[in-house]
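Here's the structure we're looking at; comments come further down.
None of the figures in this text is laboratory data; all of them are computed from the coordinates on show. Treat the numbers as computed from the prediction; the structure is a model and nothing was measured. Here the Cβ is made from the backbone with ideal geometry for all residues, glycine too, and neighbour counts use every protein chain on show.
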Amino acid sequence: MIPDSFIQDLLNRVDIVDVIDRSVPLKKAGANYSACCPFHNEKSPSFTVSPTKQFYHCFGCGAHGSALGFIMEYQGISFVEAVHELAKTVGMIVPQETRPEDEMRVKALPGLHEVMQQAANYYKAQLKQSERAIEYLKGRGLSGQVAARFQMGYAPAGWQNLEQIFADYRQETLKTAGLVIENEQGRRYDRFRDRIMFPIHDQKGQVIGFGGRVLEAADAGAKYLNSPETPLFQKGQELYGLFLARRAIRDAGRVLVVEGYMDVVALAQYGIEYAVAALGTATTPTHITKLMRQTDEIVFCFDGDNAGRAAAWRAAMNALPALTDSLRLSFLFLPTEHDPDSYVREFGKEAFESFIGQAVPLSQYLVQELSASNGLQSQEDRVRFLNEAEPILKQIQAPRLGLLLRKRVAELADISADEMRSMIKLPETKRSPARSAPRQTRTTMSLQRRYALMAIMQPQLVQPSDLQGLSQINPDEVLLTQVLQLALANPAAKPVVMLHQLEASVDGVVLRELQRELHLLDESLDFALELEGLRKQLRELVVQRQQSSVVDRLKEKPLSQLTPEERELLKSISQR
């Protein structure tokens, strides 16, 4: 394990401008630097780098992070690899925290990430020892190189193989991680048995779950078995292969979404490395949002059978709320006798990519599906068509796409655009461009949140007395307390280090909001003056809260029981 203190020191010593400029040439733009975003296609620069705050932010796709985050995203490497890469640039040697094995087993249970990595290493080692599993993969046309790239493994047959690597097979962490199952009698056994194993990685390259495939179609049980939902792994938020595919997606300018793990691996074997797969569930708006950060073209590839077409429709419906006018989303249906794995093996990369060019755009696909079983000949046909189109149109927030699709639906229903508007009440489109956010941030942000931002920017200005009177009655006040404590403990920390320290205690959504708000913060502010003004307001708020508490307590007592001092105090507070 890399000590967190080393990571903080590393972030304090590197200059993010130098780190990014080596890969993406930056131009001075006021107090910051700018460039066209390397994570999505754009013609005008919306990617900015702040030397003061030491992080980057893209107003187009929302990508943001520290120097470490940039290296991980841009090079497609893991967190540990990025730390080593960044440390080399400033001549630092990465230390490792080690503990004796016996002490580790006795005194502390492994964490979830550690347990998952240990299991992944075990499955990889078992694959090398299983001739049957190796022959299966060779039969599917996979090389040892591609199996190693995806860190594939093999879970042997047998009920409790993981006992070989976990001294305490009863530890709760194994069950929480989804590696073992406990039956009603309390007996434990391995979840994955006699299956090819596909590790699932998060955006840092850490193993968070597994997919397991049976070796033979006649085997009992499901063909694919996924890890259950755990604190690390939620199927509706993760995509198999995305961590490894990020660079290829950016190079190709598109991402291919397929149905299975083996499809992703087989396509990579043939040089199509920009494929990802949903994890046994329909594509969700969260999936779409994640992919939009990588590219503005998403192609869904499905089998041409009924199950594939049903999956495509679910994917289209789930994608509707996340659509934007800059996103190109299309659908590709393979011949019924093929899946991506078999098609690319039979016809090769060039034929497959040529076939991708025939994908049907989302708007065309929606209209085709809505009218597939509707001749639109009678009034009743057109009414049914409009009834089925209405809930779809209402979910589309992208203004131009929504407008053009409504016009097409109106034409097919033989009504005018005005008649369409009168029939279907559509939602108001969002009108909040990212660049107008600074004005909104100033007027709507809570006092506590604003105070926290100032403290992150200038931790040396925080005073111990700032913590007095914070009752933590709302999330922003809890956040402020955490920020103030960090600032007092490390007054020389850069903003990026403060954010890194908050990762352990702050919800991910709140952390992303903080990063965005900090990036929008005007660096020309007099932070000392701003913080003093906020400090005064916060102390007044604390006094008001204390007075309100006193009033509420005194009002509960009968008037006859109040002392003269309490009556005078109540009168004085009420007059204020």
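Brief remarks follow.
- Between the residues VAL264, GLN234, LEU215, the greatest Cα displacement towards the positive end of the dipole of region 215-353, with unit charges on the Cβ of Lys, Arg, Asp and Glu, is found for GLN234.
- Dipole magnitude of the chain about its Cα centre (Cβ charges: Lys, Arg +1; Asp, Glu -1), debye to nearest 20: 1040 debye
- P(r) of region 4-89 over all Cα-Cα pairs, binned every 10 Å from zero, in whole percent: 18, 53, 26, 3
- Stretchable slack from ARG22 to VAL383, in nm (0.36 nm times residue separation minus alpha-carbon distance): 124.0 nm
- Per-residue [θ]222 nm for the chain (sum of -39500 (n - 2.57) over DSSP H runs n ≥ 4, rounded to 500): -15000 deg cm²/dmol
- Total charge dipole magnitude, region 316-415, about the Cα centre, Cβ charges on Lys, Arg, Asp, Glu only, Debye to nearest 20: 480 debye
- When each of LYS223/LYS290; LYS290/LYS349; LYS27/LYS88; LYS138/LYS349 is checked by Cα-Cα distance, pairs over 22 Å: LYS223/LYS290; LYS290/LYS349; LYS27/LYS88
- Dipole of region 4-89, positive end: most advanced residue of ALA67, SER5, PHE79 [Cβ charges, Cα centre]: ALA67
- Euclidean distance between Cα centres, region 249-308 to region 145-209, Å: 25 Å
- Cα convex hull, region 237-367: 95 Å³ per residue, rounded to a whole number.
- Between GLN463 and ILE356, the FRET efficiency from the beta-carbon distance, with R0 = 60 Å, is close to 0.50.
- Among the GluC sites (Glu not before Pro) in region 158-197, those located in a DSSP loop and surrounded by at most 16 other Cβ atoms within 10 Å of their own Cβ are GLU184.
- Ordered from longest to shortest, the equivalent ellipsoid semi-axes for the chain are 46, 36, 27 Å, each the square root of 5 times a Cα gyration tensor eigenvalue.
- Packing-based order for 115-121, 496-502, 165-171, 82-88, using average beta carbon neighbours within 10 Å, highest first: 496-502, 115-121, 82-88, 165-171
- Compared with the rule-of-thumb size 2.2 N^0.38 Å for a compact globular protein, region 373-423 has a Cα radius of gyration ratio of 1.09.
- Gap separating the Cα centres of region 1-52 and region 350-414, nearest whole Å: 42 Å
- Whole-number percent relative contact order across the chain, with pairs defined as alpha carbons under 8 Å at least 6 apart: 10 percent
- The listed peptides 409-422, 512-525, ordered by packing as a protection proxy, come out as 512-525, 409-422 (highest mean of other Cβ atoms within 10 Å first).
- Considering only TRP313, GLY357, THR336, the residue lying farthest towards the positive end of the dipole of region 305-362 is TRP313, judged by Cα position with unit charges set on Cβ.
- Semi-axes of the equivalent ellipsoid for region 109-230, computed as √(5λ) from the eigenvalues of its C-alpha gyration tensor and ordered from largest down, come to 23, 17, 13 Å.
- Put a plus charge on the Cβ of each Lys and Arg, a minus charge on the Cβ of each Asp and Glu, and nothing anywhere else: the dipole of region 231-271 about its Cα centre is then about 180 debye.
- Within region 237-367, percent of DSSP bridges classed antiparallel, to nearest 5: 25 percent
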